[in-house]
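The structure appears right after this line, and notes come after that.
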Amino acid sequence: MYRWISLDNWTYSRTFKTPFDIRKWQKVNLVFEGVDTVAEILLNNVTLGRTDNMFNRYSFDISSMIQEVNCVEVRFLSAVSYAAEQSRCHKAHSIPPACPPPVQKGECHVNFIRKEQCSFSWDWGPSFPTQGIWKDVRIEAYNHYHLIYFSITPLFVKSAQQWCLEVESIFDVVSSKPIAGLVTVNIPKLQTQQMFSVKLQPGEGSIVLLVNINKSAAVEAWWPNGHGKQTGYNMTTTFMMEAGCQIEKFSKVYFRTVELVQEPIPGSPGLSFYFRINGRPIFIKGSNWIPADSFQDRVTSHTLRLLLKSAADANMNALRVWGGGVYEQDEFYDICDEIGIMIWQDFMFACALYPTNQNFLESVRAEVSHQVRRLKSHPSIILWSGNNENEAAIASNWFSIPYPDIGIYIKDYVTLYVKNIREIVLREDKSRPFVASSPTNGLESVKEGWLSRDPYDTHYGDTHFYDYSNDCWNWTMYPKTRFASEYGFQSWPSFSSIEKVSSPEDWSYTSNFSLHRQHHEGGNIQMLQEIGRHFKLPQSPDPVKQFKDMIYLTQVMQAQCIKTETEFYRFSQSEIINGEGHTMGALYWQLNDIWQAPSWASLEYGGKWKLLHYFAQNFFAPLLPVAYEDKGMLHIYAVSDLHEDHKMTLRVAVHAWSSLEPVCTLAKEGVTVKAQSAVPIYKESICDLLGRCRNCTRESCVITFCLVGEDGLQSPRNHYFLSSLKDAVGLEKTQLSASVSQQDDIYIFVLQTTAIAPFVTLDVGSIKGRFSDNGFLMTEKKKTVVFYPWAPTSVEELENSLILTSLLDVV
């Protein structure tokens, strides 16, 4: 219904009084931090220039045009029409894909416009091709000189065993002669103060100062979440120039090093692919970030903090800012710096080929240099990556390009990502690794001319992996890769999220609404098939109950699938089997949602945690026992991100589905849990195990296990299903109840059950907040769960909203 908005052209205008005396200033600029996307900008009916890139900053000199009262106009062109026109004018060769698949209900030729690529639709999001002013607009007036960019890069000088800072300042100097002066850099906490004599040349130019940190000061490094503190130091930089104008710049400075290690591994063909932070190998745990809203101005700092805090609360230490969205706002990276979330930063190119004509390349070069300058001071950013899946698109020939023509596209690819983007990144920022694409074979791709034969090769680089047709509980279907940077399964958001954007006739799994919001071909059916392998499908005669049961089961299925896959990646980190392994990263697809719809996300639009996110809190725990089965043997591994070895006890319990008392228990003491490793700690044939436990069968029993150590060190309790739950014998319908009480600013839910209950879920509808645990297997009569509210609520409100569900409530 609203599609016409994006097909129209819109003009934004206003008049303003100049709040200063124009005659007193040598230079006046009109600066747009972000214009989305194609526009002509006029001041007092004079065209200042045009914009064609959402990711660029535009600055126009208005010194000679500004009056006491002014009219500024931004005349937009429809992004959809512009993209189509650019495609029409590109006579050389076609640049696929022309249009998104029909199921996405999107617009065409998005690869011809430097705009958020998913704004023309994606397989998890709507087509809302916005046009407007999406970032700040300001007027700058100055004499003599003006600071445009300021960045700080920490470097550790190994030979001197000393930290130093590269402080770069980019100026616009208005005077016709060079300006001399003094720059003072002061970091009081590190007893570091240095003074520099500088000379600024007329025009735009940069100065780079090397600040040596006082050797006697103890520098605390910045560590990722779960590995140490995120210490930052206040730094003041003062520019005192002879022209008499002084600039003072206050910054937070962090110290950390990053290396992407790609080296031969004994017993394995190929190369490793892992990150070393401050000299320590770090297993990357996290997810992929997409834009938090179709309308960027709705994304407040509150939105960002809620989503990023939820990532950290689920024991994540990293997110990949995916290349089909936007370079995030400054505040996003500030929060990541503060809470220790490492960022894999894509450049904004995704799932497409791109033109390389001169105008396009010039625009991209300006975009890349602006974004790198803007972002490079953030310790959270650990990698620049050229694009999402475009190496794979050519290698696997997604767009059916005839073989004789493929050379042109390879040349375009190298021109864009290597000769332009990479060149600028290396010039602007020598402190971080760069890869040309994701997935890629890393150095092997470079060796093969930047396009490897198989970017999905498990022996090199990172992989993306999706498979909806096999059994997701079977770990052998997953690639034993060096680094899993995308993998996932869909689910539906909770009923309370859907209810806000639908009406009662929509509340069925096969309604027009349910089909309309599903943008992934066959997605709803794929979810049904995955559920059907292990669970009974809902058959309730009440259509709304059946819909709610389906939503619940899609979330259970998604959580269980991604748990299985992530645990596989984590237990593969220390071993090489048949030449594969040493997996050092697991970033599932995807963290957040852009609207209320079925998707791969673990956080719903608005921030509510799906069951997957609760599961992530456990499967990403710093200490975790993981079980898998191979040829009738049960293997348990101890996975640890801790920096020290620990002696611990492995506790295993076997429960019959029909009883809250365990059938048998086992404690294996003195287990060595190795620091930052995954080691096998227990192995037994399942037949023997069941035989010892009063003749349990696979269908009648379930295994739970945890690690317990000294000083309260404990892992979450994990479980292993011996059969599909649709075949489980002895599961009884349980009476679940909960009492709610308030304690300071949190709420305590005490749950009681009369029988073992799988996937017990607490849902308080649209009351904002999260539980300490959810979707769990309840094997004891009582369990306490904490609710952390994000906004004021009450016991009464929580009691009235609470819905308790377990697997046996699905009929």
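The values are calculated or read from the model by the stated rules, or taken from the named source; none is laboratory data. Keep in mind it's a predicted model, so treat the numbers as computed, not measured. All Cβ positions, glycine included, derive from the backbone under ideal geometry; neighbour counts span all protein chains shown. Protein only, heavy atoms only, side chains kept; ligands, DNA and RNA dropped before computing areas. Shrake-Rupley method; radii C 1.70, N 1.55, O 1.52, S 1.80 Å.
Based on what the data block shows, is Thr231 farther than 30 Å from Ile576 by Cα, among the β-branched types (Val, Ile, Thr) and touching a Lys or Arg at 6+ places or on another chain (Cβ under 8 Å)? Answer is no for this residue.
Listed by position, the strands (runs of 3 or more DSSP E) contained in the stretch 750-811 that have at least 3 residues being crowded, with 20+ Cβ neighbours inside 10 Å are 757-763. On inspection, Val110 fails the criterion of being surrounded by 15 or more Cβ atoms within 10 Å (Cβ to Cβ), over 34 Å from the mean Cα position of the chain (by Cα) and at negative phi.
Each row is one residue, and each column tells you yes or no for (1) in contact (Cβ under 8 Å) with a residue 60 or more places away in the chain; (2) part of a loop (DSSP other than H, G, I, E, B); (3) on the phi > 0 side of the Ramachandran plot.
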site: Gln194; (1), (2), (3): no, no, no
site: Val208; (1), (2), (3): no, no, no
site: Val211; (1), (2), (3): no, no, no
site: Ser216; (1), (2), (3): no, yes, no
site: Gly226; (1), (2), (3): yes, yes, yes
site: Thr238; (1), (2), (3): no, no, no
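Taking the criterion of being hydroxyl-bearing (Ser, Thr, Tyr) and more than 30 Å from Val654 (Cβ to Cβ), would at least one residue in the stretch 762-771 satisfy it? Yes, there is a match, as at least one residue in the stretch 762-771 is hydroxyl-bearing (Ser, Thr, Tyr) and more than 30 Å from Val654 (Cβ to Cβ).
Annotation: Ser6 fulfils all but one of (1) surrounded by fewer than 15 Cβ atoms within 10 Å (Cβ to Cβ); (2) in contact (Cβ under 8 Å) with a residue 12 or more places away in the chain; (3) of a type in the set (Gly, Ala, Ser); the unmet one is (1). Residues in the stretch 139-197 that are open to solvent by 50 Å² or more (accessible area, probe 1.4 Å), modelled with pLDDT under 95 and under 30 Å from Gln67 (Cβ atoms): His144, Ser176, Lys177. Identify the residue in the stretch 294-318 that is touching a helix residue (DSSP H, G or I) at 6+ places or on another chain (Cβ under 8 Å), among the polar types (S, T, N, Q) and over 24 Å from Ser251 (Cα atoms) and, among all such residues, is surrounded by the most Cβ atoms within 10 Å (Cβ to Cβ). Among them, the one singled out is Ser310. Out of curiosity, is Phe255 buried (at least 20 other Cβ atoms within 10 Å of the Cβ), of a type outside the set (Asp, Glu) and farther than 30 Å from Gly125 by Cα? It is true that Phe255 is buried (at least 20 other Cβ atoms within 10 Å of the Cβ), of a type outside the set (Asp, Glu) and farther than 30 Å from Gly125 by Cα. Could you please give the count of residues in the stretch 726-755 that are under 25 Å from Ala621 (Cα atoms) and of a type in the set (A, V, I, L, M)? Within the stretch 726-755, residues that are under 25 Å from Ala621 (Cα atoms) and of a type in the set (A, V, I, L, M) number 4. For the stretch 482-495, the criterion of being of a type in the set (A, V, I, L, M) and open to solvent by 10 Å² or more (accessible area, probe 1.4 Å) is met by no residue. Look at Ile410 and say whether it is open to solvent by less than 30 Å² (accessible area, probe 1.4 Å) and aliphatic (A, V, I, L, M). No, not satisfied. Return yes when Ile290 is in contact (Cβ under 8 Å) with a residue 24 or more places away in the chain, buried (at least 21 other Cβ atoms within 10 Å of the Cβ), within 30 Å of Glu444 (Cα to Cα) and hydrophobic (A, V, I, L, M, F, W, C) and no when it is not. Answer is yes for this residue. Quick check on my filter: what residues within the stretch 652-683 are more than 39 Å from the chain's Cα centre (by Cα) and aliphatic (A, V, I, L, M)? Hits for the stretch 652-683 are Ala656, Leu660, Val663, Leu666.
Residues checked against (1) acidic (Asp, Glu); (2) open to solvent by 10 Å² or more (accessible area, probe 1.4 Å); (3) in contact (Cβ under 8 Å) with a residue 60 or more places away in the chain; (4) closer than 17 Å to Leu587 by Cβ:
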residue: Arg320; (1), (2), (3), (4): no, no, yes, yes
residue: Glu331; (1), (2), (3), (4): yes, yes, no, no
residue: Ile335; (1), (2), (3), (4): no, no, no, no
residue: Gly340; (1), (2), (3), (4): no, no, yes, yes
residue: Gln345; (1), (2), (3), (4): no, no, no, yes
residue: Phe349; (1), (2), (3), (4): no, no, yes, no
residue: Pro355; (1), (2), (3), (4): no, no, yes, no
residue: Gln358; (1), (2), (3), (4): no, yes, no, no
residue: Val364; (1), (2), (3), (4): no, no, yes, no
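Name the strands (runs of 3 or more DSSP E) wholly inside the stretch 577-695 in which the number of residues that are under 30 Å from Phe295 (Cβ atoms) and either touching a Cys at 6+ places or on another chain (Cβ under 6 Å) or touching a residue at least 40 places away in the same chain (Cβ under 8 Å) (or both) is 2 or more. Working first, answer last.
Working: elements: 585-588, 623-630, 633-640, 646-656, 662-673, 677-685.
It comes to 585-588.
Scanning the stretch 198-222 for residues that are of a type in the set (A, V, I, L, M, F, W, C) and either surrounded by fewer than 21 Cβ atoms within 10 Å (Cβ to Cβ) or over 38 Å from the mean Cα position of the chain (by Cα) (or both) yields a count of 9. Among the residues making up the stretch 76-105, those that are open to solvent by less than 60 Å² (accessible area, probe 1.4 Å), assigned to a loop (DSSP other than H, G, I, E, B) and over 21 Å from Asn9 (Cβ atoms) are His90, His93, Ile95, Pro96, Pro97, Ala98, Pro100.
Here Glu73 clears all of (1) touching a residue at least 60 places away in the same chain (Cβ under 8 Å); (2) over 29 Å from Glu204 (Cα atoms); (3) out of contact with any helix residue (DSSP H, G or I) (no Cβ under 7 Å at 6 or more places or on another chain); (4) assigned to a strand (DSSP E or B) except the condition numbered (2).
Within this structure, Gly670 fails the test of being surrounded by 14 or more Cβ atoms within 10 Å (Cβ to Cβ), within 13 Å of Lys647 (Cα to Cα) and modelled with pLDDT of 95 or more. Within the stretch 534-574, the set of residues being open to solvent by 30 Å² or more (accessible area, probe 1.4 Å) and either part of a helix (DSSP H, G or I) or not polar (S, T, N, Q) (or both) comprises Lys536, Leu537, Pro541, Asp542, Pro543, Val544, Lys545, Gln546, Lys548. So is Gly279 of a type in the set (Gly, Ala, Ser) and under 19 Å from the mean Cα position of the chain (by Cα) or not? In short, no. Figure legend. Inter-residue proximity from the stretch 33-44: first residues in contact (Cβ under 8 Å) with a residue 40 or more places away in the chain and outside the structural domain of Asp8 (by the TED database), second residues part of a strand (DSSP E or B) and open to solvent by 10 Å² or more (accessible area, probe 1.4 Å), beta-carbon distance below 9 Å, spacing 6+ or different chains. No pairs are indicated. Taking the stretch 501-531 as the search range and keeping residues that are assigned to a loop (DSSP other than H, G, I, E, B) and not polar (S, T, N, Q), which one is most open to solvent (accessible area, probe 1.4 Å)? This residue is Glu521. Considering (1) at pLDDT 95 or above; (2) outside any strand (DSSP E or B); (3) among the polar types (S, T, N, Q), the lone condition that Gln735 does not fulfil carries the number (1). With respect to the stated conditions, Ile341 is among the β-branched types (Val, Ile, Thr) and under 19 Å from Asn288 (Cα atoms).
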